[in-house]
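Below is one structure; the comments refer to it alone.
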Amino acid sequence: MLREYIHALPKVELHVHLVGSASVDTVVALAARHPSAGVPTDRAELAAFYEFRDFDHFLKVYWAVQSMLRDRGDIDVLVTGLAAELAAQNVRYAEVTVTPYNHVLDGMPGDELLAGLESGRATARDVHGVELAWVFDIPGEKGIVAGRETLTFALGERPDGLVALGLGGPEIGVGRARFEPFFTAAREAGLHSVPHAGETSGPATVWSALHDLGAERIGHGTSSAADPALLAYLAEHRIPLEVCPTSNVRTRQVASVDAHPVRRMLDHGVVVTLNTDDPPMFGATLEGEYLAVATSLGLRKSEVAALAANGVRSSFLPASRKDELLAEIAAV
């Protein structure tokens, strides 16, 4: 059975947001503790709360959930909950997107955030057998000050497991180029560049992420499929796309998984990795993403294994650990 085969494959997750990974049980518990956030405490009402009209509506819901995170304990619960869910799907490693600026803006001291990340990461490794790394994300809609503060926090604190600088939030009206100084400084300090681009905007945003931010991977990159020259560039330079099919459907960027341009990406030789983005909010799992894409495209098992290998090769794991996981995939 394909489902069992997908489960047996060792997998990595390269595009998952910490806040968006909060399980329904976690969100309900937080909502009961923080009623002012306006998040439902009833599971059925929460399901309706997660019916997104468009991308802007999704962001409003996301920010409401984020506002309920107040201390290291809340962060630890999120991290360990995510690790348990990943372990259940045979996911061995994840690069988790965290947006420090938003947490601090909501009143959480930076040391509380870092303490929660550290304790949760240790539990993920020791209890669940999942290695976690961090991508510190700039919330683009909050402008240059958010870029400056995120970079300062990232380089000043430099927590264990920090591997990259990201850029998220709305893309329309939030040009990638304005954040160039922060990504340049981050790369010079040894961090990788993994901005979102082409999720809700056109191929020009992806080009800008590549040329202005030195992107080594592209978050989403959905609209890349509309530009053959861009697809050719991504394929030639082996720049992976962090593709999140269910997310794109739920935020109404594409009509269905069947209509997703992932086939066009693969046909042009682009390095595609599969990811969940904000799994409980979208009713997604990483195994479910593999199954949906494999079923929609009629992939052979060897092609499904190639997607898993793409994730490993596109990660920022040490080369020796990549080799170990790739050997396990080959054995399956």
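The values are calculated or read from the model by the stated rules, or taken from the named source; none is laboratory data. From a predicted model like this one, the values you see are computed outputs, not experimental measurements. Positions of Cβ are generated from backbone atoms using ideal geometry, with glycine treated the same way; all protein chains shown enter the neighbour counts.
Some values worked out for this structure:
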item	result
Counted residues, the stretch 46-103 - those being out of contact with any helix residue (DSSP H, G or I) (no Cβ under 8 Å at 6 or more places or on another chain) and crowded, with 24+ Cβ neighbours inside 10 Å	2
All positions within the stretch 221-260 that are in a loop (DSSP other than H, G, I, E, B), over 26 Å from residue 192 (Cα atoms) and in contact (Cβ under 8 Å) with a residue 12 or more places away in the chain	251, 252, 253, 254, 257, 258, 260
Residue that is nearest to residue 240 (Cα to Cα) [pool: residues in the stretch 187-205 that are assigned to a helix (DSSP H, G or I) and over 19 Å from the mean Cα position of the chain (by Cα)]	203
Condition check for residue 41: touching a Gly at 6+ places or on another chain (Cβ under 6 Å), in contact (Cβ under 8 Å) with a residue 12 or more places away in the chain and of a type in the set (S, T, N, Q)	no
Pairs where the first residue, in the stretch 98-115, is of a type in the set (S, T, N, Q) and the second is buried (at least 19 other Cβ atoms within 10 Å of the Cβ), C-beta under 7 Å, 6+ apart	99/137; 99/139; 99/168; 102/66; 102/139
Top-ranked residue in the stretch 243-287 [being among the charged types (D, E, K, R) and crowded, with 24+ Cβ neighbours inside 10 Å; ranked as nearest to residue 27 (Cα to Cα)]	278
Wholly enclosed helices (runs of 4 or more DSSP H) of the stretch 273-332 bearing at least 2 residues at pLDDT below 95 and at negative phi	279-282
Lone unmet requirement of (1) farther than 30 Å from residue 304 by Cβ; (2) outside any loop (DSSP other than H, G, I, E, B); (3) modelled with pLDDT under 95; (4) not polar (S, T, N, Q) for residue 70	(2)
Some residue of the stretch 142-165 being modelled with pLDDT of 95 or more, among the polar types (S, T, N, Q) and over 17 Å from residue 98 (Cα atoms)	no
